1. If you take the alpha carbon radius of gyration of the range 1-91 and divide it by 2.2 N^0.38 Å, what ratio comes out, to two decimals?
2. Which whole-number value in Å³ per residue fits the convex hull of the alpha carbons of the chain?
3. Give the aspartates and glutamates reachable from LYS108 as a straight Cα distance under 13 Å; neighbours fewer than 8 places away on the same chain don't count.
4. With loop defined by DSSP as not H, G, I, E or B, and exposure as at most 15 other Cβ atoms within 10 Å, which is the longest segment of the chain clear of exposed GluC sites (Glu not before Pro)?
5. Taking the Cα centre of the chain as origin, sum charge times position over the Cβ atoms of Lys and Arg (+1) and Asp and Glu (-1), and report the length of that vector in debye to the nearest 20.
6. Mind checking Rg over Rh on the range 1-41, alpha carbons, Kirkwood formula for Rh?
7. If you average 1/r over every pair of different alpha-carbon atoms in the range 67-141 and take one over that average, what Kirkwood value in Å do you get?
8. By the gyration tensor of its Cα atoms, with a ≥ b ≥ c the square roots of the eigenvalues, what is the shape of the range 154-203: rounded for a/c under 1.5, prolate for a/b over b/c, or oblate?
Amino acid sequence: MIGRLTGLVAEIGEEEALIDVGGVGYVVRCGSKTLSRLPPPGGEALVHVEHHWAEATGPRLYGFLTREERRAFVILQSIQGVGPKAALGVLDVLTPGELAGAVAREDKAAVGRAQGVGPKLALRIITELKDKPISDSPVMGVPALAARAAAQPTASGEAVAALMGLGVAEAQARRHVEQAQDRLGEGADERALIKAALQELGR
């Protein structure tokens, strides 16, 4: 699973951006707000990625400029009727902090401004997000599902992404990170995994 990409912006389209990481171009679908905040082509960008697989579309990457936005995207999709398109729509009109505020105020009209979100779905979003950590607000609880979402990306995922940013192929990066984790244990942090994997690669 890809958790993060660091590379050069090659192209910016209406719904996606092409990020060049070591000569490999990754097509990343983004909301209009994220696309507008990316640097122009040729500029370097760090994009937090949620990797999806669907029967109809196959693998697809969704990109965000902050971990908090990525976390909100994941949590929104835990709600019945909210798919990637609707989740991106919500985050186009509300930041995670603004969404948390709308939930606290039960302001379904604010959520309903999102493209593809009608009044019934907006009400469901407001109702089901009440106990979920949409933003970094300390007053919200963290149920098990949301805690797992907030914990992503893992240290191993970050290490794989970092190696890919250095031009290592994904399969090779993943294999060496897994070997490093086997040696160092589950508690190894991202920095230690990257160092051990680079030693394996002879870099």
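What follows is calculated from the coordinates using simple rules that are stated; it is not laboratory data. It should be emphasised that the depicted structure is a prediction, and the values quoted were computed from it without experimental measurement. Methodologically, a virtual Cβ is constructed for each residue, glycine included, from the backbone with ideal geometry; neighbour enumeration extends over all protein chains shown.
1. Against the empirical 2.2 N^0.38 Å value, I get 1.03 for the range 1-91.
2. Values: hull volume 25.7 nm³, N = 203.
In the chain, the Cα hull volume divided by residue count equals 127 Å³.
3. Partners found: GLU98, GLU128.
4. That would be 107-185.
5. 340 debye
6. 0.93
7. Details: mean 1/r = 0.0854 Å⁻¹.
Roughly 11.7 Å, rounded to one decimal.
8. prolate
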